[in-house]
Structure formats: structure tokens, C-alpha cells
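Below is one structure; the comments refer to it alone.
The values are calculated or read from the model by the stated rules, or taken from the named source; none is laboratory data. In this text, all values refer to a predicted model and were calculated from it rather than measured experimentally. Here the Cβ is made from the backbone with ideal geometry for all residues, glycine too, and neighbour counts use every protein chain on show. Accessible surface areas use protein heavy atoms only, side chains included; no ligands, DNA or RNA. Shrake-Rupley method; radii C 1.70, N 1.55, O 1.52, S 1.80 Å.
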Amino acid sequence: MEDNAVLEEGFNGLARVQEALPASWYLDPAHYDRELRQIWGRNWVYLCRADTLDGPRSFRTFEVAGQPILLLRDQDGALQGFFNSCRHRGSMLCPQASGTLKKPMIACPYHQWVYDLAGRLRATGPMRRVEGFNREDYPLHRVSVAEWGGFVFVNLDPDATSFEELYGAETAYVANWPLEELKVGHFFSKTLNCNWKAFWENYNECLHCPNIHPELCELVPIYGRAIMARRDDPDWEEHAGDLAPHRSGGLRTGAETWSMDGAAQGRLPGLTDDDVASGQRYVTVTPSVFIAHHADYVRSVKITPTGPETMELTAEWLFHPDTLARPDFDVDKITRFGIMVMEQDGGACELNHAGMRASAFHHGVLMQEEYEVFLFQQWVREQLGEAPKSEGAASRASRRMPVSE
């Protein structure tokens, strides 16, 4: 290992203590605005499931990075994304949260400029022709749209790298899950009094797990060791062949999924024994969502900043239609467990954020096990144009692969 290396080579860990992000980055309104522009305005942000836009001319409106966004299906059913702003004087085009356009056009409710569903300006209401004006010069401003597995993402950056290029390694890890077939069976939302980064940092370490998540540690024994995966242990090679859950990262013996009793309600079609052996696989699309894949369902957890010291946490539980139709299906057994874990995480994040307000606290420190927190914070620094502290690391999915792979 190089003398100045930040990350260990033989296992997942930091080679030395690292300085965490400045406390002001979690509290200062001006810095929050900077993050909205440079992080949330330039990355892929999860909006909704594709099936919530049901048929041609259906639409939904959102706010991303403080910007009004219009998502709709054109006459052919293809997804289109625009800034929800008329090119005349900026009026919002669709003030409703969702609906279906009566005609294949978008009419501004203020001065009646009319656009087709590809965003081209077709009419300017009662206005008379004026020299120097050409309709072709005033289409709606587009945003990039990507759909993966029935999840819809947008990116406000016109020069955005494609979703596939950025997240292909993550999504390949869960290729056998029939994501497009799944339907939302439960929804949960909660406001947290913490900066959005605090929640991501909590997600990226398990030092807190034994104290904050006793039930989860009982289900996933390796979490009780305050680590997330086999190779987080510096001595993992000595136990590489040990399949015991506290070494391998799998669920406790006899458990099949994340639920109150560990029992699964069937298995999603297409999954192999290897797919479900670990008990959980994740796709992480920073900064807006992580998606947990289990044997019988999938759970998405969406992070939405609402201010420098507040955020909205939104979770969706996705099931196969055949599972939802089962007479013995018990959604509460699954959702109660997930909500319990998220409530525990939320409380810990709020506690952490509140302590950052101490005037004597300027920044924290990151220990060996917090390598994912470091990599997340490095990503934040890079997004803001700050100098990185180490070379780029492999994808998160690659650090979670079983040793045999």
C-alpha cells in the first residue's frame, strides 16, 4: 500500500483517520443553496414509479433542486420531461400535482401559449404576430429522463452522463429482480430534522447498528459486529470459507427476508438461490434513493432535502401482483419491520444533526469502518469542485460482492 493511501487494499476500510465535512455544510443556508445547484441540479434524481403515469397524456409535477418539473407521457406513451415553465413570461404550465391532459397539448393557463407533447410551441394565444419572433426558437426547456426497472429519474443538467453509464454496475447486481412487474403495496413518509447528508452518512456505516438497531442486528448478525460486509473485517481472509451469517453477512439461520419474523411470503420470479443468499442487495443512486432488494419484495427509500436542516424520507414497498393477490399476504409484517428501522435511523440522524450546532464543533473525524462515509463525503466534495482526498474507488456493488464472485 502506498504511504499516502487513504483506503486499505486488503479489506474495506480507511488506512488512517480522516477529517469529515465541515459542520457548516450541514447548517448554512448559503451552502445548502450551493448543494441544490451543484449536486441536486446535476445528478440523477428519483421521481416516481413509471406506472403512476397511466397512459398517454398523463402527467405529474415535481420540484427538484428548487426547480419546477413536469413529467408526462406523449401520445405514444413515451416519457417526456420539461421545466414546468412557459417560455413566454415563465408561468407554471401545470399547477396540479397530477392528472391527464384533455388534449395532446400543454396550454399555459396564464396567456394561452400552447405546446405539443414534444415541447414544441404551436400557438401563442391571442397575441398578434411581431417581427423577430419565431415559434421554433421557443420550445419548452427539456430535462433528461431515464427509466430503469420501472423507476423514473430526471437530471436537470443538459450535459448529464447517462444513467446507464453511471449506474450500470449497480443495476447489474440485481438484474434478476423483476422490477418492472412490481407494484407499490405500501407507502411511508416522514419529515426529519436533519440535513440530507446526515441520513446518507448513517446509511453508509454500521458502527451505529448494535446500539440503534438491536432487532436488525438479530436478523443480520454481521451488523451486530458494527460492520456491513465480510471484507469490512481486516482478518476476513482467515474466515473466507465460513458461511456463518456473522461472517458472511447473510440473514440469521432460518430467516428468509427483512420482516418481523424473518419469514418470506414466497419468492419473486426469476431469482436464484445466490440472489437471495445474502438476504439483501442494494442499488444506490446518490443523492436521492437507495433500493433494497429482498427475496419477496423490494423497498425504495427516497431522500429529499427540504432545507439546510430538514429533509423528507419516503419509502415504497414493491411486491409482485401475485403476492399482493395472495389471501394470506401480510403486508404489515414486512412494512412494520422496515418502518421500525427507518424510525431508528431517523432518530439517530436528528440527534447527530442537533449536536452539530455546537459552536465548538467544526468537523468530525472518520474511523476505519467509515470508509463508505468517506467515499460519500469525497463524492460531495468533488461535486462541489473541491479537491478529492483519494483516487476513485470501485462501485459500491463491487464491494458487496460475495467472495466467490
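Laid out as a table, the results:
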quantity: Flag for R326 being within 20 Å of E181 (Cβ to Cβ) and surrounded by fewer than 20 Cβ atoms within 10 Å (Cβ to Cβ); calculated: yes
quantity: Residue list for segment 339-364, restricted to those being touching a helix residue (DSSP H, G or I) at 6+ places or on another chain (Cβ under 6 Å), open to solvent by 50 Å² or more (accessible area, probe 1.4 Å) and among the hydrophobic types (A, V, I, L, M, F, W, C); calculated: F361
quantity: Residue pairs meeting the criteria (Cβ under 7 Å; at least 6 apart or on separate chains; first touching a residue at least 40 places away in the same chain (Cβ under 8 Å) and over 12 Å from W44 (Cβ atoms), in segment 160-181; second open to solvent by less than 30 Å² (accessible area, probe 1.4 Å) and of a type in the set (D, E)); calculated: N176/D275
quantity: Meets criteria (touching a residue at least 12 places away in the same chain (Cβ under 8 Å) and either at positive phi or open to solvent by less than 10 Å² (accessible area, probe 1.4 Å) (or both)) for L318; calculated: yes
quantity: Every pair of residues 6+ apart whose Cβ atoms lie under 6 Å, when the first sits in segment 70-92 and is closer than 16 Å to P139 by Cβ and of a type in the set (V, I, T) while the second is open to solvent by less than 40 Å² (accessible area, probe 1.4 Å) and part of a loop (DSSP other than H, G, I, E, B); calculated: none
quantity: In segment 54-110, the residues that are at positive phi, part of a loop (DSSP other than H, G, I, E, B) and open to solvent by less than 50 Å² (accessible area, probe 1.4 Å); calculated: G55, A65, G66, G77, G90
quantity: Test: residue in segment 390-401 that is modelled with pLDDT of 95 or more and in a helix (DSSP H, G or I); calculated: no
quantity: Filter result (in contact with a Ser or Thr (Cβ under 7 Å, 6 or more places away or on another chain) and open to solvent by 30 Å² or more (accessible area, probe 1.4 Å)) within segment 264-288; calculated: G266
quantity: Flag if M311 is touching a Pro at 6+ places or on another chain (Cβ under 9 Å), touching a residue at least 24 places away in the same chain (Cβ under 8 Å) and either more than 23 Å from V220 (Cα to Cα) or open to solvent by less than 40 Å² (accessible area, probe 1.4 Å) (or both); calculated: yes
quantity: Every residue from segment 1-48 that is over 17 Å from H362 (Cα atoms), part of a strand (DSSP E or B) and more than 21 Å from the chain's Cα centre (by Cα); calculated: L7, L14
quantity: Of all residues in segment 186-199 being open to solvent by less than 60 Å² (accessible area, probe 1.4 Å) and aromatic (F, W, Y), the one that is nearest to R281 (Cα to Cα); calculated: F199
quantity: Any hit, segment 143-154, residues being closer than 18 Å to T286 by Cα, of a type in the set (F, W, Y) and either open to solvent by less than 20 Å² (accessible area, probe 1.4 Å) or in contact with a His (Cβ under 6 Å, 6 or more places away or on another chain) (or both); calculated: yes
quantity: Every pair of residues 6+ apart whose Cβ atoms lie under 7 Å, when the first sits in segment 194-223 and is small (G, A, S) while the second is modelled with pLDDT of 95 or more; calculated: A198/Y26; A198/C349; A198/N352; A198/H353
quantity: Candidate set from segment 200-218 (those that are charged (D, E, K, R) and assigned to a helix (DSSP H, G or I)); member that is least open to solvent (accessible area, probe 1.4 Å); calculated: E201
quantity: Residue, least open to solvent (accessible area, probe 1.4 Å), within segment 162-185, restricted to residues that are hydroxyl-bearing (S, T, Y) and part of a loop (DSSP other than H, G, I, E, B); calculated: Y173
quantity: Within segment 225-235, considering residues that are open to solvent by 30 Å² or more (accessible area, probe 1.4 Å) and more than 25 Å from the chain's Cα centre (by Cα), the one nearest to R252 (Cα to Cα); calculated: R225
quantity: Whichever residue in segment 243-260 is in contact with a helix residue (DSSP H, G or I) (Cβ under 7 Å, 6 or more places away or on another chain) and not small (G, A, S) and, among such residues, is surrounded by the fewest Cβ atoms within 10 Å (Cβ to Cβ); calculated: T253
quantity: Matching residues in segment 230-259 - criterion: being part of a loop (DSSP other than H, G, I, E, B) and among the hydroxyl-bearing types (S, T, Y); calculated: T253, T257, S259
